[in-house]
1. Given the range 3-83, report the % of alpha carbon pairs whose separation exceeds 18 Å.
2. Taking neighbour counts of Cβ atoms within 10 Å as a proxy for exposure, in what order, fewest first, do Y35, Y12 appear?
3. K52 to I70: extension gain in nm, 0.36 nm per residue of separation minus the Cα-Cα distance?
4. What are the lysines whose alpha-carbon lies under 29 Å from the alpha-carbon of K31, with same-chain residues fewer than 8 places away excluded?
5. How far, in nm, would the chain grow between D7 and S19 when pulled straight, counting 0.36 nm per residue and subtracting the alpha carbon separation?
6. Rank these for me by crowding, D23, D7, D41, going from fewest to most other beta carbons within 10 Å.
7. Rank the residues V61, V9 as a footprinting-exposure proxy: fewest other Cβ atoms within 10 Å of their Cβ go first.
8. Quick one: if the Förster radius is 22 Å, what FRET efficiency do A59 and I36 give, using the C-beta to C-beta distance and rounding to 0.05?
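Laboratory data are not the source of any read-out in this text; all were calculated from the coordinates shown. In this text, all values refer to a predicted model and were calculated from it rather than measured experimentally. Cβ coordinates were reconstructed from backbone atoms using ideal geometry, including for glycine residues, and neighbour counts include every protein chain displayed.
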Amino acid sequence: MHQEQLDWVNKYAFADGRSLQRDKVLAPSMKSHFYIRMRGDIHAPMWLDQSKIGTWLAARVKTEKERRRIAKRGASAGASRAHAAPTPLKQGDGIDCGTADSLSGSDYD
């Protein structure tokens, strides 16, 4: 994507971690904004198709969700470790499972 296209899409489509408009609305708006502009490097129109805008927007939303999920997981894991009390160890509740030495007695020969 050309830098001017990225600037325009970031301004009108995705800002502050959320999508501002749908690709159906953005495509005609971008086309009217760049209607006589051509990219010099590939000799194509400066505006993007709706599918390309939608793909770009979906990728940005996906990365933003992933970033939020990681931040939430990190915050909740840190909070749960800090506030969680250690669980007391129980002594088997009266059940003796035994060890290898105690199982080698005369009862098991």
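1. Result for the distance tail: 51 percent.
2. Details: Y35 10, Y12 16.
So the ranking, lowest neighbour count to highest, is Y35, Y12.
3. Additional length available on full extension: 3.8 nm.
4. Once the sequence-local lysines are set aside, what remains near K31 is K11, K52, K62, K65.
5. Roughly 2.9 nm would be gained on extension.
6. Values: D23 20, D7 11, D41 7.
Taking fewest neighbouring Cβ atoms as first place, the list is D41, D7, D23.
7. Numbers: V61 14, V9 20.
With the sparsest Cβ surroundings first, the list reads V61, V9.
8. Step by step, r from the Cβ atoms, then E = 0.20.
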